[in-house]
Amino acid sequence: MDTKLFFGDATAFETPMLAVFAIDQAEGKDAEPRPALLGAARALQAAATALLASGEFKAALGEVAVLHAPAGLRAERLLLVGLGKAKDLSLDRVRKGAGTAVRAAKPRSLRTMAIAFPTVEFSALLTARVLVEGAEFGQLDWDTYRSDRKDCSIDSLTLIKDEADAAAVSATQRGFDEGLIVAAAQNFARSLVNEPGNVLTPTVLGARAKAMCDEAGLKCEVYSSDKVQELKMEAFWAVAKGSAEPPALIVMTYEPATAPAADAPVFGLVGKGITFDTGGISIKPADGMEKMKYDMAGAAAMIGAMHAIVRLKPKVKVISVVCSAENMPDGKAFKPGDVVTAMSGTTIEIVNTDAEGRLVLADGLHYAKTLGCTHLINAATLTGACVVALGMINAGLFSNDDATCVKFEAALTVSGEKFWRLPCTDDYRDHIKSEIADIMNTGKNRYGGATSAAMFLKEFVGDTPWVHLDIAGCAWNEEKKPWHAYGPSGIAVRSILEWVRSYSA
Ligand code: BES
Ligand code: ZN
Ligand code: ZN
């Protein structure tokens, strides 16, 4: 999609479809809806008056209505896009509105459209950013493997903002440019998650990461079985060795143009990249196992984040470590009862081979520390227990450091992603105590399973400030929404970017 920014009068803009946003001004839960356009020009207001008064369009979030040949406008169609109740208006709703607008155009086979900026209290920069993010995100459907696929993509989108002073123009332009970078990164992550396990093996994931880095000018090393064993990553290797597909250890490094101070933070982005999780010898039931192709969504989030970091150029060093393997049952596979020694020296009793994510991350987190990372974040489709706890609306957030966690939570107000903090305090340490080794790879029972997994990871970060994102429930959209398709969500990319950038002076 060719997305452009235009400063001028939306009413005079020639386009097959012009989208404008509306909110419901009614207060109180039983009040009749009072839809109103979000501060659009008088000609737009006039064109929409009858529809707004009809009661047919209530401006609910994701609701759309189309007017053909709207009087007084050069556009062939006027698309009203609801953003919901006025009191609930947020940046994320504007983002969703932009996605809804684009997705409304697709089934109408329109290739060109425009969206008028809403008049909102948010900054010009962030408003421009979320409009681009939402539109670029909404544009994609994950149907490339379908022979009956009809390509309904939008070729050209123009975002129209009223003429403004120089400061507003430059802030809007910056937000627009950033939005394109962030959306491209998130969509890249989604494209990786969408790939089936037979296409995206660990080797292919490594090759895709390398190609992305080469194109962007980012340092990237991709290692395999030899290096994993040479580094004594026995926890990672235990998972990897049961598959005919070799593992990939992917290390991407971003250095800012000006060398940061010696005591400046170095960020470590660690991703779980299980390209298919059968459960191994503790094999999963057949029902739903096909979903386990997205068990590399944490890795995709980190690769996506690096895609944007090299373009957004924060003034901090960022290293990403992705541990990718296939978890398979085989004559060479690891088994319940095995004891392995992680790269850190910690011994682990394997109780369940389906708890493989924490094993690859244990070595990934430790390795990131040896590379000099002072702040760690990991993303992983780690536990079904997290899905049981939070459903598919919030992803799990865990941290060993309140200040770091608060900074991450602040980033969420901009990213619009939902993470809910769950505990991993030392009183849960007993969950992973083993009689045989230092720790075991499951909790002592099924209660608090997401926290047991977090406690396991915590063993490997030591005192380093660390954030753990359990995205098992949010990495794949089971339901379509007006603003997004069925399939990979790209969750965590935006939040990680915002968090890293919050440390860049
Ligand atoms: N990849 C799964 C977790 C998962 C569940 C991801 C649902 C996405 C959706 C993970 O490797 C796993 O199987 N975890 C086990 C751990 C248990 C054996 C302690 C689980 O959650 O059941
Ligand atoms: Zn598993
Ligand atoms: Zn898994």
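The values are calculated or read from the model by the stated rules, or taken from the named source; none is laboratory data. Quick caveat: nothing in here was measured; it's all calculated off a predicted structure. Note that each Cβ is placed from the backbone with ideal geometry, even for glycine, and that neighbours are counted across all protein chains shown.
Against the numbered list (1) in contact with a Gly (Cβ under 8 Å, 6 or more places away or on another chain); (2) within 27 Å of residue 141 (Cα to Cα), residue 248 comes up short only at (2). Reported count of residues in region 486-500, each being part of a strand (DSSP E or B) and hydrophobic (A, V, I, L, M, F, W, C), is 0.
The condition (being over 19 Å from residue 460 (Cβ atoms) and away from ligand 2 (no atom under 16 Å from the Cβ)) is satisfied by just one residue among 305, 286, 297, 368: 305.
Considering every residue within region 279-289, establish whether at least one is among the polar types (S, T, N, Q), buried (at least 16 other Cβ atoms within 10 Å of the Cβ) and under 27 Å from the mean Cα position of the chain (by Cα). Looking for residues that are among the polar types (S, T, N, Q), buried (at least 16 other Cβ atoms within 10 Å of the Cβ) and under 27 Å from the mean Cα position of the chain (by Cα), one finds none in region 279-289, hence no.
Each residue in region 350-376 was checked for being over 15 Å from residue 274 (Cα atoms), of a type in the set (Ser, Thr, Tyr) and within 16 Å of ligand 3 (Cβ to nearest atom), and 0 pass. Residue check: is residue 429 outside any helix (DSSP H, G or I) and of a type in the set (Lys, Arg)? In short, no. When region 352-397 is filtered for residues that are within 15 Å of ligand 1 (Cβ to nearest atom) and either more than 24 Å from residue 280 (Cα to Cα) or assigned to a strand (DSSP E or B) (or both), the ones remaining, listed by number, are 378, 379, 380, 389, 390, 391, 392, 393, 394, 395, 396. Taking residue 83, is it crowded, with 18+ Cβ neighbours inside 10 Å, over 24 Å from the mean Cα position of the chain (by Cα) and modelled with pLDDT of 95 or more? In short, no. Taking the criterion of being surrounded by fewer than 17 Cβ atoms within 10 Å (Cβ to Cβ) and away from ligand 1 (no atom under 16 Å from the Cβ), the residues of region 415-439 that qualify are 418, 420, 421, 423, 425, 426, 427, 429, 435, 436. Could you tell me whether residue 400 is more than 16 Å from ligand 3 (Cβ to nearest atom) and touching a strand residue (DSSP E or B) at 6+ places or on another chain (Cβ under 7 Å)? Criteria met by residue 400.
For residue 477, are the conditions met, namely being closer than 30 Å to residue 312 by Cβ and at pLDDT 95 or above? Here the answer is yes, as residue 477 does meet what is asked. Scanning region 135-156 for residues that are in a loop (DSSP other than H, G, I, E, B) and acidic (Asp, Glu), we see that the one that is surrounded by the most Cβ atoms within 10 Å (Cβ to Cβ) is 141. Among the residues in region 163-181, are any in a loop (DSSP other than H, G, I, E, B) and either closer than 30 Å to residue 248 by Cβ or among the aromatic types (Phe, Trp, Tyr) (or both)? Within region 163-181, none of the residues are in a loop (DSSP other than H, G, I, E, B) and either closer than 30 Å to residue 248 by Cβ or among the aromatic types (Phe, Trp, Tyr) (or both).
Listed by first and then second residue, the pairs with beta-carbon distance under 8 Å, at least 6 apart or on different chains, first residue in region 445-466 and within 22 Å of residue 351 (Cβ to Cβ) and within 16 Å of ligand 2 (Cβ to nearest atom), second charged (D, E, K, R) and in a helix (DSSP H, G or I), are 453/358; 456/358; 457/358.
Of the residues screened, residue 355 is one that is within 15 Å of ligand 2 (Cβ to nearest atom) and not acidic (Asp, Glu). I need the full set of residues from region 389-409 which are over 16 Å from the mean Cα position of the chain (by Cα), surrounded by fewer than 21 Cβ atoms within 10 Å (Cβ to Cβ) and in contact (Cβ under 8 Å) with a residue 24 or more places away in the chain, in order please. Hits for region 389-409 are 389, 391, 401, 403, 404, 405, 407.
Only one entry of 417, 459, 435 meets the criterion of being of a type in the set (Asp, Glu) and in a helix (DSSP H, G or I), and that entry is 459. Within region 279-311, the set of residues being near ligand 1 (Cβ under 10 Å from one of its atoms) and touching a Phe, Trp or Tyr at 6+ places or on another chain (Cβ under 6 Å) comprises 292, 294. Free of Cβ contacts under 8 Å to residues at least 60 places away in the same chain and over 19 Å from residue 113 (Cα atoms), is that true of residue 129? No: the conditions fail for residue 129.
With respect to residue 442, determine if the residue is in contact (Cβ under 8 Å) with a residue 12 or more places away in the chain, crowded, with 21+ Cβ neighbours inside 10 Å and under 17 Å from the mean Cα position of the chain (by Cα). So residue 442 fails the test. For region 111-127, a residue qualifies if it is in contact with a Leu (Cβ under 7 Å, 6 or more places away or on another chain) and surrounded by 15 or more Cβ atoms within 10 Å (Cβ to Cβ), and the qualifying residues are 113, 114, 115, 116, 117, 118, 120, 122, 126. Looking only at residues in region 256-278 that are loosely packed, with under 15 Cβ neighbours inside 10 Å and not hydrophobic (A, V, I, L, M, F, W, C), which one is farthest from ligand 1 (Cβ to nearest atom)? For region 256-278, the residue satisfying everything is 258.
Please determine whether any residue of region 93-103 is surrounded by fewer than 24 Cβ atoms within 10 Å (Cβ to Cβ) and not basic (Lys, Arg). No, because not a single residue in region 93-103 is surrounded by fewer than 24 Cβ atoms within 10 Å (Cβ to Cβ) and not basic (Lys, Arg).
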